[in-house]
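The values are calculated or read from the model by the stated rules, or taken from the named source; none is laboratory data. Quick caveat, the model's predicted, so the values are computed rather than measured. Cβ placement follows ideal geometry from the backbone for every residue including glycine, while neighbour counts extend to all protein chains displayed.
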Amino acid sequence: MKRFRQGLVVGKFCPLHHGHMHLIRAALDACDEVLVVSYTKPEFARCGQDAREAWLAALFPQVRRLVVDDARLLARGIAPAIQVPHNDDADAVHREFTAWLCWALAGVVVDAVFTSESYGDGFAAALSAYYSSRTGAPHGVTHVSVDPARCAVPVSGTRIRSDPHAWRRFLDPIVYAAFVDRICILGGESSGKTTLVNALAAALDTRAVPEVGRLHWEARGGVFTYEDMRLIAEGQIALEDSLTQEARRWLVCDGSALTTVFYSEDGYGAVDPVVRALAERPYAITVVCAPDIPFVQDGTRRDAAFRLRQHGWYLATLERAGVDYVVVEGSVGQRVETVLALLAKGGS
């Protein structure tokens, strides 16, 4: 038997950090069921409703989640009559709103609320009064204070938002991935693309995403089918998502689904709509390697003329899509310096 039947944890979770996770685990240890409520107004960059929902679902699948914003309330026909309070609104406003969320949307009666804040006792008292008025019988909500001095996890959301990379040790890799920006390196065959990817990843002390098409080619002995194009594009995105959790600030990607679009058009005269959609995935920086180095035939490539055509296709396609890009030239060192200067100028 656990101490409480229904527990409650409320937070912005912008972002969800180890302190929040410590709090939720304390609630899970003490309660049969736990409801986690999250809302914020205004929203914070990279910590939107969908991101918070995904973090909680991945890290705490056993809790019930209620992540709301005005758009979600409007979709339920609730807003604008009832809207998410502003973060600066009075405590009483937030307590009333949270109690209403638990009662009206989640349909639960809370027995305990878990916080690390000084307002916890007042919050529990407000919830007690709310439930007592709704049920017509006295109902007490206990406040469970968890690490109010922040000894177990000495950090705050405000501090992490100031520099998530400096404070990444307080973030689960799943959460930290939201703060990693992706660099896409494109280029025709034998244009130094993969060499630049590896050199740039080393310079940035981060992970590089290999070209899945190349891996697939080697695994299949150089034999492709049209159906392989979708597998390659999906595999490229999946590998990016996986390695983002291991990256440091930047993730350097050897090509993208756009690469698959080119080879699908060239080899089969058609492109799977799924592949085209994946090719629209945005990147923080897009780099195109100039075909200004000697063409090297490794047994799998076409020829220098094909390289030029591929290079031109990338430039024209990026232009049509309105994607900003930079063309890098010269030696590997020069290309790395060009990208690093670009990141220093406009990177996070």
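Which of the residues belonging to the stretch 256-292 are aromatic (Phe, Trp, Tyr) and in a loop (DSSP other than H, G, I, E, B)? Walk me through how you get there before you give the answer.
Initial filter on the stretch 256-292 (aromatic (Phe, Trp, Tyr)): 262-263, 268, 283.
Within the stretch 256-292, just 283 meets the criteria.
State whether one or more residues within the stretch 293-302 are of a type in the set (Phe, Trp, Tyr) and either closer than 18 Å to residue 197 by Cβ or in a helix (DSSP H, G or I) (or both). Quick ask: steps written out before the conclusion?
Kept after step one, since they are of a type in the set (Phe, Trp, Tyr), are these residues of the stretch 293-302: 295.
Within this subset, residues satisfying the condition of being either closer than 18 Å to residue 197 by Cβ or in a helix (DSSP H, G or I) (or both) are none.
The answer is no, given that none of the residues of the stretch 293-302 is of a type in the set (Phe, Trp, Tyr) and either closer than 18 Å to residue 197 by Cβ or in a helix (DSSP H, G or I) (or both).
Take the conditions over 22 Å from residue 337 (Cβ atoms) and among the hydrophobic types (A, V, I, L, M, F, W, C) and apply them to residue 305. Does it pass?
Yes: the conditions hold for residue 305.
If you go through the stretch 245-253 one residue at a time, do you hit one that is within 12 Å of residue 178 (Cα to Cα), in a strand (DSSP E or B) and of a type outside the set (Lys, Arg)? Looking for residues that are within 12 Å of residue 178 (Cα to Cα), in a strand (DSSP E or B) and of a type outside the set (Lys, Arg), one finds at least one in the stretch 245-253, hence yes.
Taken together, 6, 49, 62, 83 contain a single residue that is within 22 Å of residue 158 (Cα to Cα), surrounded by fewer than 22 Cβ atoms within 10 Å (Cβ to Cβ), of a type in the set (S, T, N, Q) and in contact (Cβ under 8 Å) with a residue 12 or more places away in the chain, which is 49. Just one residue in the set 254, 298 is acidic (Asp, Glu) and crowded, with 20+ Cβ neighbours inside 10 Å; that residue is 254. Contact map, the stretch 286-309: residues that are outside the structural domain of residue 330 (by TED's automatic domain parsing) paired with residues that are modelled with pLDDT of 95 or more and part of a strand (DSSP E or B), Cβ distance under 7 Å, separation 6+ or inter-chain. No pairs are found. Per the listing 28, 105, 74, the residue uniquely more than 26 Å from the chain's Cα centre (by Cα) and without any contact (Cβ under 8 Å) to a residue 60 or more places away in the chain is 105.
For the stretch 41-57, give me each residue that is within 18 Å of the chain's Cα centre (by Cα) and assigned to a loop (DSSP other than H, G, I, E, B). Listed by number, the residues that qualify are 43, 44, 45, 46, 47, 48. Just wondering, is there one or more residues in the stretch 264-278 that are free of Cβ contacts under 8 Å to residues at least 60 places away in the same chain and farther than 24 Å from residue 233 by Cβ? No. Listed by position, the strands (runs of 3 or more DSSP E) enclosed by the stretch 92-203 that each have at least 1 residues that are modelled with pLDDT of 95 or more, in the same structural domain as residue 308 (by TED's automatic domain parsing) and within 30 Å of residue 249 (Cα to Cα) are 181-187. Would you be able to say whether some residue in the stretch 141-163 is surrounded by fewer than 16 Cβ atoms within 10 Å (Cβ to Cβ), without any contact (Cβ under 8 Å) to a residue 12 or more places away in the chain and within 30 Å of residue 100 (Cβ to Cβ)? So far as the stretch 141-163 goes, yes, one or more of its residues are surrounded by fewer than 16 Cβ atoms within 10 Å (Cβ to Cβ), without any contact (Cβ under 8 Å) to a residue 12 or more places away in the chain and within 30 Å of residue 100 (Cβ to Cβ). Evaluating residue 187 against the criteria (1) in contact with a Cys (Cβ under 8 Å, 6 or more places away or on another chain); (2) closer than 25 Å to residue 50 by Cβ leaves one unmet condition, (2).
Within the stretch 21-39, restricting attention to residues that are touching a strand residue (DSSP E or B) at 6+ places or on another chain (Cβ under 9 Å) and not in a strand (DSSP E or B), the residue that is farthest from residue 156 (Cα to Cα) is 30.
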